[in-house]
1. Give the angle, between 0 and 90 degrees and rounded to the nearest 10, that separates the Cα long axis of helix 269-282 from the longest principal axis of the Cα atoms of the chain.
2. Separation of the range 1-31 and the range 240-273 by C-alpha centroid, Å?
3. Just to confirm the number: angle between the C-alpha axis of helix 221-230 and the first principal axis of the chain, 0 to 90 degrees, nearest 10?
4. Report the charge-dipole magnitude of the chain in Debye, nearest 20, computed about the Cα centre from +1 at each Lys and Arg Cβ and -1 at each Asp and Glu Cβ.
5. In terms of modelled amide H atoms, which long-range or inter-chain residues lie less than 5 Å from the amide H of Gly43?
6. Taking R0 as 30 Å, what's the FRET efficiency between Arg68 and Gln25 from their Cβ-Cβ distance, rounded to 0.05?
7. Could you point to the residue in Leu75, Leu201, Leu185 farthest towards the positive end of the chain's charge dipole, with +1 and -1 charges on the Cβ of Lys/Arg and Asp/Glu respectively?
8. For the chain, what % of the accessible area comes from carbon and sulfur atoms, probe 1.4 Å?
Amino acid sequence: MRLSGVELRRLRLPLVAPFRTGLGQTSVRDALLVKISTPDGEGWGECTAMAEPTYTSEYVEGAHHVLRHHLVPRLLAQPHLTAEGVGPALAAVKGHPMAKCALEMAVLDAELRATATSLAHHLGAVRDTVEAGVAVGLTASLPELLQTVGCFLEAGYRRVKLKVQPGWDVEPVRAVRERFGDVALHVDANGAYRPGDTEQLRRLDAFSLMMIEQPFAADELTAHADLARQIRTPVCLDESITSAASAGLAVASGAAAIVNVKAPRMGGYLEARRVHDLCRRAGVAVWCGGMLETGVGRAANLALAALPGFTLPGDLSASDRYYRTDITPPFVLHDGQLRVPDGPGLGVEVIDEVVEACTTSVEHVGRD
Ligand code: OSB
Ligand code: MG
């Protein structure tokens, strides 16, 4: 297909509750959506970059700029564009995987809609529902944490991830274990610890956690491998895994016993599938990470999470865990599960009135 135009749209979506991590607090999602137009139809994609460059180097304002000035013009120049061809067409631009992922998602959506194929089917899904998990941010107190976790368990979530950082780790984990028993529990540090913090991290071994996610900085592969030899809790990598190549290195070096597969961090869903395939061959479990997505990105994540190697519940929650009104029909929890969309493309229809009501800017980029 040949693109006729690309729309870059910023939305302001208040979260139902602030999400606080060691990286900062998000109360309102500044979402960036792309809509491509082709002679065969339209396609939607979501760029999940956050407001600040604190998770990885990407941030929404920078992603918007690189899309507008460097990525979209390269796609518009392609006479015969395919979803598989998006990565290669954008490879000259270094980095910016979340921005690239948004464009690949939109091309996949348009291409698969034109052939009435679901993204889930296209990627190789083997289930039609996935187990939901929930990520709980830092709270001001232990009672507030217990109340928050209690509400999510009551809603049906069966796996809880707690954000931790130095000074907020053993006590919150102990409190949740004491109150809620053997609920599936894991912790995510977003790189907040130093390689010298092994003793403190070892104290978490007492709580039968499913894993500790990204204790050290993204480039500390060796420190993660060393830690993995010194603690019982499995080490999972998030920020460190940016491609199939880096996943291969992490797995081979013993730095990752588990991998958080987040397609936007890897430049797209096709690379994410390659990471899944590699991990599956290596016997490494994967799960699907989240970035407080709208229904557009959530639909794509659910399709990915339906692949056979996703044997652990991901950060995939119902729409109402994030937004009072989502821009697609809401994803709802049924007995702790979310349905994998099976309609053409992403399998969700964007609700134009909601999108219009929360739009803060729209920019059209056409061929000239
Ligand atoms: O580390 O997984 C992370 C959100 C933004 C940036 C990084 C992370 C997260 C989450 C959100 O944990 C989980 C979700 O979308 O439910
Ligand atoms: Mg993480």
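The values are calculated or read from the model by the stated rules, or taken from the named source; none is laboratory data. Keep in mind it's a predicted model, so treat the numbers as computed, not measured. Reconstructed Cβ throughout: ideal geometry from the backbone, glycine too, with neighbour counts over all protein chains shown. Surface accessibility is based on the protein's heavy atoms, side chains included, excluding ligands, DNA and RNA. Shrake-Rupley method; radii C 1.70, N 1.55, O 1.52, S 1.80 Å.
1. 40 degrees
2. Centre-to-centre (Cα) distance: 23 Å.
3. Between helix and principal axis, roughly 30 degrees.
4. 520 debye
5. Those lying under 5 Å, H to H, from Gly43 are Ile36.
6. For R0 = 30 Å, the calculated efficiency reads 0.60.
7. With unit charges placed on the Cβ atoms, the residue in question is Leu201.
8. 51 percent
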